[in-house]
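Read the structure below first, then the notes.
Please treat every number below as a calculation from the coordinates, not as lab data. For clarity, every value in this text was computed on a predicted model and none was experimentally measured. Note: ideal-geometry Cβ built from the backbone for every residue, glycine included; neighbour counts use all protein chains shown.
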Amino acid sequence: MENQRDIIDVNPPAPERAPQAETSGASSIPAEELERITGDIIRSLKTVYDPEIPVDIYELGLIYKVDLNDERHLTVDMTLTAPGCPVAGEMPGWVEGAVRGTEGVEDVTVNMVFEPPWTPERMSDEAKLELGWL
């Protein structure tokens with residue numbers, strides 16, 4: 001049996017929109033529950049801050065992909081502002097700890113990726129405003 005996955009859109013087009021989940025096929029997770037889990041995961045990700053930049057990793061655009069499968073295993077692909085970041089070894093653990101307690105998520109894996117490389121264009125308007133770039 002093919003394992004269906006739900007892909008959470010971590011870059012919604014409009015900040016005033018409620019977080020939405022994009023599915024890659026039929027899911028065993030009810031849509032209302034998936035929407036709640038999505039919101040909870042985003043709120044959790046927003047509690048993790050880059051120690052060198054006073055903005056959370058979600059608004060910085062460091063989260064590239066969040067995938068929740070039917071077995072409720074959450075996989076997060078994330079990056080850093082620079083590969084030589086001094087907390088490169090610690091930040092995946094911070095992210096895992098932040099999302100692990102999400103109701104409806106059974107297990108978590110955080111992958112560090114560097115393709116595509118992070119650029120300031122990935123930051124939300126909220127992050128740019130916080131940093132005085134707007």
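A DSSP coil position with no more than 15 other Cβ atoms inside 10 Å describes the following GluC sites (Glu not before Pro) in segment 28-77: E52, E71.
Put in line by how crowded their Cβ is, counting other Cβ atoms within 10 Å and starting with the fewest, T119, T102 read T119, T102.
Scan segment 98-134 for GluC sites (Glu not before Pro) in coil per DSSP, keeping those whose Cβ has at most 13 other Cβ atoms within 10 Å, and list them by number. Of the GluC sites (Glu not before Pro), the ones in loops of segment 98-134 whose Cβ has at most 13 other Cβ atoms within 10 Å are E103, E106. Here's the picture: charge each Lys and Arg Cβ at +1 and each Asp and Glu Cβ at -1 in segment 56-134, and of H73, G104, P120 the one pushed furthest to the positive end of that dipole is P120. Placing pseudo-labels 7 Å out from each Cα toward the beta carbon at K46 and W94 gives an inter-label distance of 1.8 nm. Loop-resident chymotrypsin sites (Phe, Trp or Tyr not before Pro) (DSSP state other than H, G, I, E or B) in segment 65-134 with no more than 16 further Cβ atoms inside 10 Å of their Cβ: F114, W133.
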